[in-house]
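Asker: For reference, the structure I am asking about is given below.
The values are calculated or read from the model by the stated rules, or taken from the named source; none is laboratory data. From a predicted model like this one, the values you see are computed outputs, not experimental measurements. Positions of Cβ are backbone-derived with ideal geometry, glycine not excepted, and every protein chain shown enters the neighbour counts. The accessibility values were calculated without ligands, DNA or RNA, using every heavy atom of the protein model including side chains. Shrake-Rupley method; radii C 1.70, N 1.55, O 1.52, S 1.80 Å.
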Amino acid sequence: MPSAPFASVPPSLLQPTAQTNAADLAKRGRIEETAKKFETQFLSMMLQQMFAGVETSSPFGGGPGESMFRSFMTEAMANQMVKGGGVGIADTVQREMLKLQGLT
């Protein structure tokens with residue numbers, strides 16, 4: 001699913017320029033990873049709220065195990081959503097972090 005044009009990072013911000021050194025490339029990689037982690041955490045919290053009122057019936061759900069492992073399930077779902085392109089939060093966060101670091 002293509003992301004909305006306003007949420008995508010312009011290629012010029014993500015592509016290293018001729019004067020980019022190894023330290024800048026490493027910083028760009030850390031920024032990208034941090035932005036994706038932020039989006040994963042945001043989506044995980046959103047999914048936890050979404051599933052808060054859901055109750056499942058017994059043989060396949062319910063009980064103390066379900067509530068204990070629900071956070072793991074929502075985190076895994078959020079991680080897969082981000083791997084699949086996310087909802088555009090990581091792109092926006094990454095773009096702003098690159099601007100703040102002067103890597104635009």
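Asker: For segment 90-98, just list the computed ³J(HN,Hα) in residue order, Karplus coefficients 6.51, -1.76 and 1.60, θ = phi - 60°, integers in Hz, with x standing in for Gly and Pro.
Answerer: 3J(HN,Hα) across segment 90-98, in whole Hz: 4, 4, 5, 4, 4, 4, 5, 5, 5.
Asker: Ignoring any ligand, DNA or RNA, what whole percent of the accessible area of segment 62-104 comes from carbon and sulfur when the probe is 1.4 angstrom? Intermediate values should be presented prior to the final figure.
Answerer: Numbers: 1610 of 2660 Å².
Percent of accessible area from carbon and sulfur atoms in segment 62-104: 61.
Asker: Keeping all protein chains in position, work out how much accessible area residue 27 exposes to a 1.4 Å probe, and write it in Å² to the nearest 10.
Answerer: Here the accessible area works out near 60 Å².
Asker: Hey, rough spin-label estimate for residue 66 and residue 21, points 7 angstrom out along Cα→Cβ, what's it come to in nanometres?
Answerer: It is 5.7 nm.
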